[in-house]
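This report concerns only the one structure given below.
Read the figures in this text as sums done on the coordinates, not as results from a lab. As the structure is a computational prediction, the values presented were derived from the model and not from experiment. Positions of Cβ are backbone-derived with ideal geometry, glycine not excepted, and every protein chain shown enters the neighbour counts.
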Amino acid sequence: MNRAIERCRTVRLLTYPDGMIQPDDLTIAETGLPGPGPNDLIIRNRWFRVSISTRLMASPDAQAVEGIPFPALRPGDALADGAIGEVVACPPGSGFEVGAFVSHPLGWRDYAVVDAGHCVAVGRGPIEPAAYLGHGWTAYAALTRGIQVRPGDTVFVSSGAGAIGSMAGQIARKLGAARVIGSTGSADKADWMKADLGYDAVILRNRGPIADQLKAAAPAGVDVFVDMVGGEHLAAAAAAAREGARFVLLGALTAELNVAGASIAAPVELDSFQLILRDMTLRGYSADRDSAEGFPEWIAWQREAGLHFACSKVQGLERAPQALHDACEGRLRGLVMVEL
Ligand SMILES: NC(=O)c1ccc[n+]([C@@H]2O[C@H](COP(=O)([O-])OP(=O)(O)OC[C@H]3O[C@@H](n4cnc5c(N)ncnc54)[C@H](OP(=O)(O)O)[C@@H]3O)[C@@H](O)[C@H]2O)c1
């Protein structure tokens, strides 16, 4: 055991949120470092991801969700999310070295004790933490495994400035899309999406019907829809779909970020007759199921692709609860990452 590290700080859920998650719903607990098991690494975390999915997982409703790769949280539970840290101690023969960087699932704390089987080496040299922690892989998997983008496609990405969306628009372009349209909640994000993320047009939610705005942005219709939002966005994209359109459904922010409270129900009305006539494909997809096989391919692909890793970086564990609140309120852009 490493004697120099005796205390560690962990962010825990204090109470179920009432409506939007607030920083005061979380607390930072200082405890002794848990004793490592025979196969455990002690890791000093350097970066961790803040995902808006935590809001849903911190709601009582989440206890009823099955098939989501995050555990539901109860008051007192430690939060967790993807992290990158430096190995401080490791058992001999574990295949890891002190000083190396690893990615693992126990963010939201300054030190983590993690089974070696849940750690992946990311090398010693300078690394791009956003390539590992960000949702580029999710977007890449959705557009290469969930559905396929074809050269010349018109692609629509809902929540196009978000963690997944900020990567999906760029990746779709690299895979051959001719026109890429995104949606967002504010005019300044829309300007940034066109300038930095390469979107051809941006639709503003809460500023008139999405269907009308999409018709103006894509007069010839939509071939591919990458959906993070559901609801009105999904109905509008279905109405604008061209023959053979492919929709990959990744999230339902309309329910997850509902101001009244996170929900696991995201109903939407679609015209099934039109889906049939236009030979459309709608696929719900989780990148998790392909990550063991596909993640190394993504890491190699993104090195060549020259993508812009949009990231809102926050310094210090004590700022992480506010960052989660701000992310859910739509105040941040791209991946939200805490640096320790
Ligand atoms: N299938 C998978 O493999 C997979 C993996 C990870 C996550 N997910 C899911 O994918 C979805 C997107 O995840 P993400 O991390 O990339 O989130 P995100 O898009 O970064 O979500 C935050 C953004 O949502 C937008 N927003 C806020 N309130 C909203 C509302 N009421 N309706 C619609 N949009 C709202 C805001 O952006 P604007 O202000 O720009 O609109 C905000 O910045 C989530 O549902 C998540 O659970 C799926």
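Mind telling me which of Ser272, Ser53, Ser166 comes out most flexible in a GNM of the chain, alpha-carbon contacts under 10 Å?
Per the Cα network of the chain with a 10 Å cutoff, Ser272 tops the list.
Counting Lys and Arg as +1 and Asp and Glu as -1, each charge on the Cβ, what is the dipole of the chain about the Cα centre in debye, to the nearest 20? Walk me through the numbers before you get to the answer.
Numbers: 31 positive and 38 negative charges, 118 e Å.
The dipole magnitude comes to about 560 debye.
I'd like the FRET efficiency for Arg9 and Ser186, computed as 1/(1 + (r/R0)^6) with the beta carbon distance as r and R0 of 30 Å, rounded to 0.05.
0.35
By its C-alpha gyration tensor, with a ≥ b ≥ c as the square roots of the eigenvalues, how is the stretch 136-288 shaped: rounded for a/c under 1.5, else prolate for a/b larger than b/c, else oblate?
Verdict is rounded for the stretch 136-288.
Relative to the present Cα-Cα distance, how much length would full extension add between Glu243 and Ala265 at 0.36 nm per residue of separation?
Length gained between Glu243 and Ala265: 5.0 nm.
With +1 on the Cβ of every Lys and Arg and -1 on the Cβ of every Asp and Glu, and nothing else charged, how large is the dipole of the stretch 136-288 about its Cα centre, in debye rounded to the nearest 20?
320 debye
For Ile28 and Glu128, compute 0.36 nm times the residue count separating them, minus their Cα-Cα distance, and round to one decimal in nm. Don't skip to the answer; put the middle values down first.
On the way: separation 100, 0.36 × 100 = 36.00 nm, distance 2.73 nm.
Between Ile28 and Glu128, full extension yields an extra 33.3 nm.
Charges at C-beta only: +1 for Lys and Arg, -1 for Asp and Glu. How large is the resulting dipole of the stretch 244-340 about its Cα centre, in Debye rounded to 20?
180 debye
Anyone know which of Ala320, Ala300, Ala201 comes out most mobile in the 10 Å Cα GNM of the chain?
Ala300
Name all residues of the stretch 285-317 having a backbone nitrogen under 16 Å from the label point set 7 Å from the Cα of Val120 along its Cα→Cβ direction, giving them as ranges.
Within reach of a label on Val120, which here means backbone N under 16 Å from a point 7 Å along Cα→Cβ, the stretch 285-317 contributes 286-303.
Of the options Ser103, Tyr199, Ile21, report the single residue whose Cα projects farthest towards the positive end of the charge dipole of the chain (beta-carbon charges: Lys, Arg +1; Asp, Glu -1).
Farthest towards the positive pole: Tyr199.
For the chain, what is the relative contact order in percent, using Cα pairs closer than 8 Å and at least 6 residues apart in sequence?
Computed value for the chain: 19 percent relative contact order.
Treating cross-link reach as a plain straight distance, find the lysines whose alpha-carbon is under 17 Å from the alpha-carbon of Lys174, omitting any fewer than eight places away in the same chain.
Lys174 reaches Lys194.
Please give the Cα centre distance for the stretch 286-303 versus the stretch 194-256, rounded to the nearest Å.
The stretch 286-303 and the stretch 194-256 have Cα centres spaced 25 Å from each other.
Given the options Phe225, Phe48, Phe273, which has the most mean-square fluctuation in a GNM of the chain, springs set between C-alpha atoms less than 10 angstrom apart?
Phe273
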